[in-house]
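A.B. asks: One structure, as structure tokens, below. Some questions next.
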Amino acid sequence: MNRNKIIIGVLIIVVIGAVAYANLNFKRTTGVDVNVEKIALRDLEAIVSASGKIRPQRSVNVSAETMGKVVGLAVNEGDQVQAGQFLLQIDPRNLQTQVNRTGASLAAAQSQLAETRASVDNARTNLKQAQDNLERQKELIKAGLTPRETVDRAENDVKLRLSDLAQREQSVKTQETRIRQEEANVENAQFDLNKVRLVSPIAGIVTRRNIEEGETVVVGTMNNAGTVLLTIADLSVIETEVEVDETDIPFINLGQPASVTIDAFPDKTFAGKVTEVGNSAIQATGAGSATRATNFKVVVTLEGTVPDVRPGFTCTAVITTATRQKAVSIPIQATTVREMVVNADGSLVRAAPPQGQAPSRRTTVTAELQPGQTRKEIEGAFVVTDGKAVFTPIKSGIAGEKFFEVLSGLKEGDAVITGPFTSVRSLKDGDAVKVTTAFTNSTGK
Amino acid sequence: MSDVTATASSLPPAEPIPNLLSRAIGVITSPGATFAHVARVPKVAGMLFLVSLVLGLAQGLPQLTERGRAAALEMQVQQMDRFGVTVTDEMYQQMEQRSHSNLGAYISIISMFVAIPFGAVIMTVLLWVAFNTIMRGTASFKHVMAVVAHSQSVTALGALIAAPIMYAQGVMRATNSITNLGALLPMLDETSFLAKLLGGIDLFVIWWVVVLAIGLTALYRKKTSSIATGLFIVYGLILIVVAYFTAG
């Protein structure tokens, strides 16, 4: 009986001991389900994407410089025109009359000048006669043959003739000035007359025609788009003006390559280069302009010709701001920011649990700070090590479409937690994790 | 009551009643003989006090140390997580500050002096009603309660073994269980039905059920195997229901 009791007791102790050992050593993984991806080397491209509109590099709006009815219209939208080619004719009769009137006025002035010049000759002749008479009277008074009164009269006559001559000569100058004025009027009228015939200033395509024959045009003003009669665009060089967010603009430089996708041609992309970067923010107007994002103008000039393009097409430009070959890269969704405790030298303070004690999930954040320690928000990623998520600070480089370049903190082959999003967001340093998906390597840049 | 008295009076009068500690050890080493004494002279208070004290100390003493407090805090956070409460950093800081005092340890000890007697009363009511009504037994409530209280010696032994091991491991569990069968199939998802079911099966609980059946046999003169089978069926049903509703 005692022997049986001993055997039963030993068996109980062995069974209990075995189960207790299993409980303490074969712990079931109780961690958070996570997806894991291995760090790999990839070719990365940092891009900035922005949308805008297609436009020709050179475009001229043709407006009228004089008012009148259109009596001849030689082009339609889409017509190819050469520089100097006739576009439209405004009724010239009014201005032609003006030319005729000023011409006649000029002729009259010229005739009057001729008359004045003839009168100057008469005045000179009269003066000569008066001077000769004075000389004779002076000879006679020396001989005592004439009275003093006659000499005085002859002297006054000379003065009178001199004055008359000066007046006539001044009239000639006045008339000459008037003729120059009339000539200017004629030239001006002729210039105005020339304005009624509009020709193309450049070679290109008529991209817009806002006028019909018989309509009356008004004088074009800079700020009134309604006065534009025709738009001639040189479509040999196409560019797109896109609006880039202020956070991206520091990375944009002249000459950077870009690929442009025009919404009208979704299956094609066109290569281009950045040719202009705005220095001033685009002024937003209208309601909500105060809350609108601050954007800057960037112009991308497309290489080669773009068939069937129309100014005003909407497009998206993807500008490559930097490239890296075989860079250590991490999926964007794996990066996160955590408030961590750091030493004075910047090293991370990890919560080392007391001997034999399980690590606390929030020790690094909530523990009281030691002298020299501070709390700091650090960018990093969770690396799976021995079934735990270890927060690893990283220094990121350029940002590709799906990956960040990792300058330091991680190496090729490290297993980083990429999801699910809620797990990455709520994970704490040292949390137990359970890998639910096999290691995968994403593709892309 | 009269039947039990008659049964008790039929025992040899010369045999002395073991003291409290002897009875507690006797339930472990020689349950049949020990429960025969309990059936003859039912004593409840001393054993309930002893069991409560052992369980209270096993639960509370570790919390008087920094390691024990950290383990208790972690257990508290895990339980809140399990019940769907999101523990924010602010909440955790407050809980951590509160854990620095010894109040938690004292509360754990004192709570056992409430929980164990209360649990024993509930268990006694269920057993007394079941055996006296269904099986037409005649044991008094005090006799049944004495058996239940003495059977808790097994639970106290389990706590005595588990407490130092868990303290050394730096962990704490609400049930003080380190002998459940959940560890036998670690490949199972912990939220699965089977894992929950195995996790509920504890060797000390099985031992306690056997001891309880032996104790009830001493009162009701039935076959131990029959009573044990009935108790295990109830235990199994409870485990299945709990596993079903707690499985993810």
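The values are calculated or read from the model by the stated rules, or taken from the named source; none is laboratory data. Only a predicted model underlies this, so the values are computations on that prediction, with no experimental measurement involved. As a convention, Cβ positions derive from the backbone with ideal geometry for all residues, glycine included, and neighbour counts pool all protein chains shown.
A.B. asks: If I go through segment B:211-248 residue by residue, how many of them are farther than 13 Å from B:L127 by Cα, buried (at least 19 other Cβ atoms within 10 Å of the Cβ) and in contact with a Ser or Thr (Cβ under 8 Å, 6 or more places away or on another chain)?
C.D. replies: Total meeting the criteria: 2.
A.B. asks: I would also like to ask the following. Filter segment A:359-394 down to residues that are under 13 Å from A:D431 (Cα atoms), within 14 Å of another protein chain (Cβ to nearest Cβ) and in a loop (DSSP other than H, G, I, E, B) and give me whichever is modelled with the highest pLDDT.
C.D. replies: Within segment A:359-394, the match that is modelled with the highest pLDDT is A:G387.
A.B. asks: Moving on. Quick check on my filter: what residues within segment B:207-230 are of a type outside the set (V, I, T) and more than 23 Å from A:I13 (Cβ to Cβ)?
C.D. replies: B:L216, B:A218, B:L219, B:Y220, B:R221, B:K222, B:K223, B:S225, B:S226, B:G230
A.B. asks: Sticking with this structure for a sec: If B:N132 satisfies every condition in (1) within 12 Å of chain A (Cβ to nearest Cβ); (2) free of Cβ contacts under 8 Å to residues at least 24 places away in the same chain; (3) touching a Ser or Thr at 6+ places or on another chain (Cβ under 9 Å); (4) not aromatic (F, W, Y) but one, which is the exception?
C.D. replies: Unmet for B:N132, out of (1) within 12 Å of chain A (Cβ to nearest Cβ); (2) free of Cβ contacts under 8 Å to residues at least 24 places away in the same chain; (3) touching a Ser or Thr at 6+ places or on another chain (Cβ under 9 Å); (4) not aromatic (F, W, Y): (1).
A.B. asks: With the requirement that a residue be within 16 Å of A:Q129 (Cβ to Cβ) and touching a residue at least 40 places away in the same chain (Cβ under 8 Å), what does segment A:146-175 give you?
C.D. replies: Passing the criteria: A:D164, A:L165, A:R168.
A.B. asks: Can you go through A:D164, A:D152, A:D121 and tell me which one is touching a Leu at 6+ places or on another chain (Cβ under 9 Å) and acidic (D, E)?
C.D. replies: Among A:D164, A:D152, A:D121, only A:D164 is touching a Leu at 6+ places or on another chain (Cβ under 9 Å) and acidic (D, E).
A.B. asks: Testing A:S200 on (1) touching a Lys or Arg at 6+ places or on another chain (Cβ under 9 Å); (2) surrounded by 18 or more Cβ atoms within 10 Å (Cβ to Cβ); (3) among the small types (G, A, S), one condition comes back false. Which one is that?
C.D. replies: (1)
A.B. asks: Take residues that are more than 27 Å from A:I16 (Cα to Cα) and modelled with pLDDT under 85 and tell me which of the helices (runs of 4 or more DSSP H) falling wholly in segment B:69-182 contain 1 or more.
C.D. replies: Those helices (runs of 4 or more DSSP H) span B:89-99, B:103-129.
A.B. asks: Look at B:S153 and say whether it is within 24 Å of B:A33 (Cα to Cα) and either without any contact (Cβ under 8 Å) to a residue 12 or more places away in the chain or at the interface with chain A (Cβ under 10 Å from one of its Cβ atoms) (or both).
C.D. replies: Answer is no for this residue.
A.B. asks: So A:Q57 clears everything in (1) surrounded by fewer than 17 Cβ atoms within 10 Å (Cβ to Cβ); (2) away from chain B (no Cβ under 14 Å); (3) among the polar types (S, T, N, Q); (4) over 30 Å from A:C315 (Cβ atoms) except one condition, right? Which one?
C.D. replies: (4)
A.B. asks: Quickly run through segment A:86-109 and pick out the residues that are surrounded by 15 or more Cβ atoms within 10 Å (Cβ to Cβ), of a type outside the set (D, E, K, R) and either in contact with a His (Cβ under 9 Å, 6 or more places away or on another chain) or more than 22 Å from A:N224 (Cα to Cα) (or both).
C.D. replies: Residues satisfying the conditions are A:P92, A:N94, A:L95, A:Q96, A:Q98, A:V99, A:T102, A:G103, A:S105, A:L106, A:A109.
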